[in-house]
Amino acid sequence: MRNREELEAREAQILDRRAVFAVKSLGRRLPEIEDALRTCFQRDRDRILHSAAFRRLQQKTQVLPATTGDHYRTRLTHSLEVSQLARSACLTLGLNSDLAETVALAHDLGHPPFGHVGERALNKLLEEHGGYRHNAQGLRILDDLEDRFPEGYGLNLSWETRLCLIKHQVSEDFPMSPDLPRKATPYLEGQIVDLCDRSAYVAHDMDDALRSNHVRWEAFADLALPKEADEKAREKLDKLCRESGLAERPDERQLRRRRVSTLVSILVQDLVRATGQALKRARRIQDCEEARKEPYIAQHTPARQEEIKELLQFLNEHFYRHPDVYRAVQEATARMTQVYNRILAEPTLLPDRFQARIEREGLERTVGDYVGGMTDRYVERLSQS
Ligand code: MG
């Protein structure tokens with residue numbers, strides 16, 4: 001049996017000196033007795049996993065509204081995919097895979113219903129009250145809105161987990177915990193999550209674009225990354241069939257799945273290789289604190305970076321802004337705006353717990369917190385009532 005002390009001792013043996021070590025964590029806002037079995041980051045992960053905000057991700061838009069079908073990505077499956085990629089990359093690089101997993105599971109908690117279109121709408125509604133940004137809102141949920149600890153302490157997570165979730169500059173008027181900086185470069189584990197986030201969504205959004213018939217494979221086939229993934233996937237499948245003596249050749253569906261997993265492997269392997277080399281070059285950096293004072297050390301090779309950009313641009317034009325996809329998300333967002341305005345006009349519609357926050361947080365912010373936390377399905381239901 002391995003208890004926490006043994007897990008921490010193991011980290012000391014296997015992690016790179018620039019990784020974040022659980023035993024050296026700067027701790028929690030409310031000091032707690034350490035868990036007997038889990039490291040502080042494993043404990044953070046479990047708190048996130050058991051939070052209501054995490055469960056609501058299952059019904060939040062990734063690209064297609066979550067009510068579109070059962071097999072498209074939602075924020076939940078996206079977060080799980082990111083976490084799996086980030087864990088693999090960190091294990092290979094000697095970074096703390098528990099911290100990466102924790103950060104990945106939490107990285108999209110602040111997303112409102114209906115993805116980035118929903119986020120823009122809510123940001124506009126809260127324009128005079130600090131705005132709405134999913135990254136900063138994610139921290140607000142973990143630090144305050146999840147009510148597991150006394151008022152204002154949220155899930156009482158470790159400093160390192162929280163710091164890794166500050167990705168963009170948070171505006172001065174956005175309400176956040178005063179102990180956090182409004183801009184920070186994350187630890188290496190957070191940087192890996194950030195890059196795995198992008199790798200995961202270019203790959204799975206390509207898959208959803210094909211699965212939903214919004215984009216045909218022929219349209220992707222000339223782009224560098226899909227083309228390479230296709231060639232490698234065919235090669236692998238053909239070899240498998242040949243060596244196993246199977247007469248049938250893989251069909252289009254099998255090929256589609258294989259392309260996505262191949263694309264993900266290409267990107268993660270590139271990330272590990274380029275970051276590994278960057279860590280070698282950065283010999284003078286002694287620990288995780290020094291590492292986060294530098295520009296991003298986690299990186300892709302420049303060539304892959306360009307290819308990712310190309311694919312992303314294509315997805316943006318042909319999938320995210322596909323007239324049918326865009327219309328569906330915009331109509332849904334208009335319903336979210338109606339729900340927001342209705343509650344703003346009649347605050348007694350808020351649950352008691354939120355009504356109790358109005359005096360301290362202001363009415364708009366409280367309604368924004370409540371509506372931002374809703375699932376796609378809940379907005380649909382409220383807009384019909
Ligand atoms: Mg994400």
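Can Thr39 be described as more than 30 Å from His318 (Cα to Cα) and touching a residue at least 40 places away in the same chain (Cβ under 8 Å)?
Values: more than 30 Å from His318 (Cα to Cα): yes; touching a residue at least 40 places away in the same chain (Cβ under 8 Å): yes.
Yes; evaluated as a whole, the condition is true for this residue.
Checking each residue in segment 62-73 for being more than 11 Å from the ligand (Cβ to nearest atom) and within 11 Å of the chain's Cα centre (by Cα) picks out no residue at all.
Check Glu331, Glu307, Glu317 and return the single one that is surrounded by 14 or more Cβ atoms within 10 Å (Cβ to Cβ) and more than 20 Å from Cys90 (Cα to Cα).
On the way: Glu331 fails: surrounded by 14 or more Cβ atoms within 10 Å (Cβ to Cβ); Glu317 fails: surrounded by 14 or more Cβ atoms within 10 Å (Cβ to Cβ).
One residue alone meets the criteria, Glu307.
Among the conditions (1) surrounded by 22 or more Cβ atoms within 10 Å (Cβ to Cβ); (2) away from the ligand (no atom under 15 Å from the Cβ), the only one that Asn123 does not satisfy is (1).
For Asp352, the test of being out of contact with any Phe, Trp or Tyr (no Cβ under 6 Å at 6 or more places or on another chain), among the acidic types (Asp, Glu) and without any contact (Cβ under 8 Å) to a residue 24 or more places away in the chain is passed. Residue under question is Glu128, and the condition is that it be away from the ligand (no atom under 16 Å from the Cβ) and either touching a residue at least 12 places away in the same chain (Cβ under 8 Å) or surrounded by fewer than 20 Cβ atoms within 10 Å (Cβ to Cβ) (or both); does it hold? Judged against the criteria, Glu128 is a match. Test Glu307 against the stated conditions and say whether it is of a type in the set (Asp, Glu), under 21 Å from Asp197 (Cβ atoms) and modelled with pLDDT under 95. No, not satisfied.
State whether the residues of segment 199-213 include one that is part of a loop (DSSP other than H, G, I, E, B), touching a residue at least 12 places away in the same chain (Cβ under 8 Å) and either within 16 Å of the ligand (Cβ to nearest atom) or surrounded by 14 or more Cβ atoms within 10 Å (Cβ to Cβ) (or both). Lay out the reasoning, then the answer.
Filtering segment 199-213 down to residues part of a loop (DSSP other than H, G, I, E, B) leaves 212-213.
After this cut, where a residue has to be touching a residue at least 12 places away in the same chain (Cβ under 8 Å) as well, the list is 212.
So of that shortlist, the ones also either within 16 Å of the ligand (Cβ to nearest atom) or surrounded by 14 or more Cβ atoms within 10 Å (Cβ to Cβ) (or both) come out as 212.
Yes - at least one qualifying residue is present in segment 199-213.
Mind listing just one residue for me: the one in segment 45-75 that is open to solvent by less than 30 Å² (accessible area, probe 1.4 Å), charged (D, E, K, R) and in contact with a helix residue (DSSP H, G or I) (Cβ under 7 Å, 6 or more places away or on another chain) and, of those, farthest from Asp376 (Cα to Cα)? Going through the qualifying residues, I end up with Arg75. Against the list (1) within 15 Å of the ligand (Cβ to nearest atom); (2) surrounded by fewer than 18 Cβ atoms within 10 Å (Cβ to Cβ), the condition Arg133 fails is (2).
What residue, among those in segment 159-198 that are of a type outside the set (D, E, K, R), more than 16 Å from the ligand (Cβ to nearest atom) and open to solvent by 20 Å² or more (accessible area, probe 1.4 Å), is nearest to Cys40 (Cα to Cα)? Filtering segment 159-198 for residues that are of a type outside the set (D, E, K, R), more than 16 Å from the ligand (Cβ to nearest atom) and open to solvent by 20 Å² or more (accessible area, probe 1.4 Å), the one nearest to Cys40 (Cα to Cα) comes out as Trp159.
Scanning segment 83-98 turns up no residue that is free of Cβ contacts under 8 Å to residues at least 40 places away in the same chain and under 29 Å from Glu331 (Cα atoms).
Across segment 147-158, the qualifying residues are those that are open to solvent by less than 30 Å² (accessible area, probe 1.4 Å) and of a type outside the set (A, V, I, L, M, F, W, C), and the one among them that is farthest from Phe354 (Cα to Cα) is Ser158.
Scanning segment 1-23 for residues that are exposed (fewer than 15 other Cβ atoms within 10 Å of the Cβ) and not aliphatic (A, V, I, L, M) turns up Arg2, Asn3, Glu5, Glu6, Arg10, Gln13, Arg17. Considering segment 214-223, the residues that are open to solvent by 40 Å² or more (accessible area, probe 1.4 Å) and outside any loop (DSSP other than H, G, I, E, B) include one that is farthest from Val20 (Cα to Cα), namely Glu218. What residue, among those in segment 76-110 that are buried (at least 22 other Cβ atoms within 10 Å of the Cβ) and either over 30 Å from Phe21 (Cβ atoms) or polar (S, T, N, Q) (or both), is nearest to the ligand (Cβ to nearest atom)? My answer is Ser79. As an exercise: evaluate Gly27 against (1) within 14 Å of the ligand (Cβ to nearest atom); (2) surrounded by fewer than 24 Cβ atoms within 10 Å (Cβ to Cβ) and give the number of the one condition it does not meet. Only one criterion in (1) within 14 Å of the ligand (Cβ to nearest atom); (2) surrounded by fewer than 24 Cβ atoms within 10 Å (Cβ to Cβ) is unmet by Gly27, namely (1).
The condition of being over 16 Å from Leu64 (Cβ atoms), surrounded by 19 or more Cβ atoms within 10 Å (Cβ to Cβ) and modelled with pLDDT of 95 or more holds for Arg365.
The values are calculated or read from the model by the stated rules, or taken from the named source; none is laboratory data. If you're wondering where the values come from, they're calculated on a predicted model, not measured in any experiment. Positions of Cβ are generated from backbone atoms using ideal geometry, with glycine treated the same way; all protein chains shown enter the neighbour counts. In case anyone asks, the SASA skips ligands and DNA or RNA and just uses the protein heavy atoms, side chains included. Shrake-Rupley method; radii C 1.70, N 1.55, O 1.52, S 1.80 Å.
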